[in-house]
Amino acid sequence: MPSLTKLCRFALACLLATAFACITSPLHAQNYPSKPIRLVVPFGPGGPTDVAARIVAQVVQSALGQSVVIENRPGAGGAVGSRSVASAEPDGYTLLIGTSATLGVVPALMKNPGYDPIKSFAPVAKVADSTPVLVAPATFPASSVGDFIAHAKANPGKLSYASAGVGNQTQLLAELFKSKAGIDVVHVPYKSGAEMVTAILSGQVQMAFPDVSILIPLIREGKLKALAVTSAQRHPQLPDVPTMSESGIADFIMTFWSGVVAPAGTAPDIVTKLNAAIDDGLKSAAIRDGLAKVGSEAAPGSPQDFADFISTETKKWSAVAKLSGISLD
């Protein structure tokens, strides 16, 4: 049995360690950042996630006076870049643009993506929401969700839908729609979102769920039919397009989103400092206008707000993955 002296020494050591942590953490945050911050984008350059990254880099650099270097690390649906940040030093100098794909879809489809969306990261700030849109070719006979379902039921197995690849969010959305509507539509996977949109424009397929960012001009010019948006409310730039819920498809609220996370164990004061910089930046009219140009909406909030949101999203996408039977393992 340990002696009373040893127990007292152990208790004193614990007390001193706690006191040291309390003293050094604020000092660490006060001096942060003292060198450039690396912001990992887990996809190739040029995509919608890059827009969020550029905005984050701009507002953090402006608020904290330190440069932010964007590093694109694509691969495995975003898992490669996400893993690299999960295993990085939790010092606030390596951050990740987390998305609905990397923190929601990939963990739902892979047994071991190399990170846990909840345990591996410290949520910093949500940045933006973007809305998928159910679209059909301009020449397609249906002009509403109800009409599309009726047409599909009258032609089982004869219609097809495009996705941006097997296991992509666009496939999961279509499979969820098929399940809720009780229709048989064949999946045709493409290599990218651009190819998916090209397929729907040319009438090779009859439906898809692309992100609104690349659709607004095509819809306004009448090159595509927008049947519904998957957000909770109508999109401000597509006010005449109903939501899925308004179209009779219950519990179909799904968005593509982005936000900043740091490696788990990052000091709370650093997280708070980063959150304040990003949230303040998102209040800027210029930043909001920049997001609006690509169909996105700013979504500021606290680190806890973002943590709660990620938790809800992982459960939602896991349920959709289970329903669809899709796996990337």
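FYI, it's all coordinate maths here, none of it is from the lab. Values in this document were obtained by computation on a predicted structure and should not be read as measured data. Reconstructed Cβ throughout: ideal geometry from the backbone, glycine too, with neighbour counts over all protein chains shown.
Within straight cross-link reach of residue 35, meaning Cα distance under 23 Å, which lysines are found once same-chain residues fewer than 8 apart are removed?
Residue 35 reaches 273.
Once the Cα atoms of helix 145-154 and of the chain are each reduced to a long axis, what angle between those two axes, in degrees from 0 to 90 to the nearest 10, is obtained?
The helix 145-154 is inclined about 60 degrees to the chain.
Enter the angle in degrees (range 0 to 90, nearest 10) between the Cα long axis of helix 169-181 and the first principal axis of the Cα atoms of the chain, meaning the one along which they spread out most.
Tilt relative to the chain: about 60 degrees.
Normalised by the residues of the chain, what does the relative contact order come to in percent, with Cα pairs under 8 Å and at least six apart? List each step's numbers first, then the result.
Numbers: 624 pairs, mean separation 85.8, N = 329.
Averaging sequence separation for qualifying contacts and normalising by length gives 26 percent for the chain.
I want the antiparallel fraction of DSSP beta bridges within the chain, as a percent rounded to 5. Show your work: numbers first, answer last.
Numbers: 22 of 38 bridges.
If we restrict to bridges inside the chain, about 60 percent are antiparallel.
Can you list the lysines whose alpha carbon is less than 18 Å from that of residue 316, not counting same-chain residues fewer than 8 positions off?
Answer for residue 316, where 18 Å is the Cα cut-off: 111, 119, 126, 178, 180, listed by chain and number.
Using only helices, what value at 222 nm comes out for the chain when you add -39,500 (n - 2.57) per DSSP H run of length 4 or more and divide by the total residues, to the nearest 500 deg cm²/dmol?
Details: 11 runs with 141 residues, N = 329.
Computed mean residue ellipticity for the chain: -13500 deg cm²/dmol.
Report, to the nearest 10°, how far helix 303-324 tilts away from the longest principal axis of the Cα atoms in the chain, using its own Cα long axis and a range of 0 to 90°.
The two axes meet at around 40 degrees.
Using the Kirkwood formula on the Cα atoms of the chain, what hydrodynamic radius do you get, in angstrom to one decimal?
Numbers: mean 1/r = 0.0472 Å⁻¹.
Radius from the Kirkwood sum: 21.2 Å.
Under a point spin-label approximation (7 Å from Cα along Cα-to-Cβ), what is the residue 195-residue 111 distance to one decimal in nm?
Result for the modelled spin labels: 2.8 nm.
5 Å is the cut-off here: which amide hydrogens, built 1.01 Å from N in the peptide plane, fall below it relative to residue 128, excluding neighbours closer than 5 in sequence?
Here the answer is 258, 299, since their amide H atoms fall under 5 Å of that of residue 128.
Around residue 254, what is the net charge, scoring Lys/Arg as +1 and Asp/Glu as -1 over all other residues with Cβ under 11 Å from its Cβ? Mind showing how you got there, number by number?
On the way: positive: 316; negative: 129, 251, 313.
Result for the local shell: -2.
By a straight-distance test (C-alpha under 18 Å), which aspartates and glutamates pair with residue 283 as possible cross-link partners, with residues fewer than eight away in the same chain excluded?
Answer for residue 283, where 18 Å is the Cα cut-off: 129, 297, 305, listed by chain and number.
Averaging sequence separations of C-alpha pairs under 8 Å and six or more residues apart, then dividing by the length of the stretch 87-246, give the relative contact order as a whole percent.
Details: 225 pairs, mean separation 44.4, N = 160.
The normalised contact order for the stretch 87-246 reaches 28 percent.
Is the shape of the stretch 133-263 best called rounded, prolate or oblate, per the rule: a/c under 1.5 gives rounded, else a/b larger than b/c gives prolate, else oblate, with a ≥ b ≥ c the square roots of the Cα gyration tensor eigenvalues? Don't jump to the answer; show the numbers that get you there.
On the way: a/c = 1.30, a/b = 1.23, b/c = 1.06.
The shape class here is rounded.
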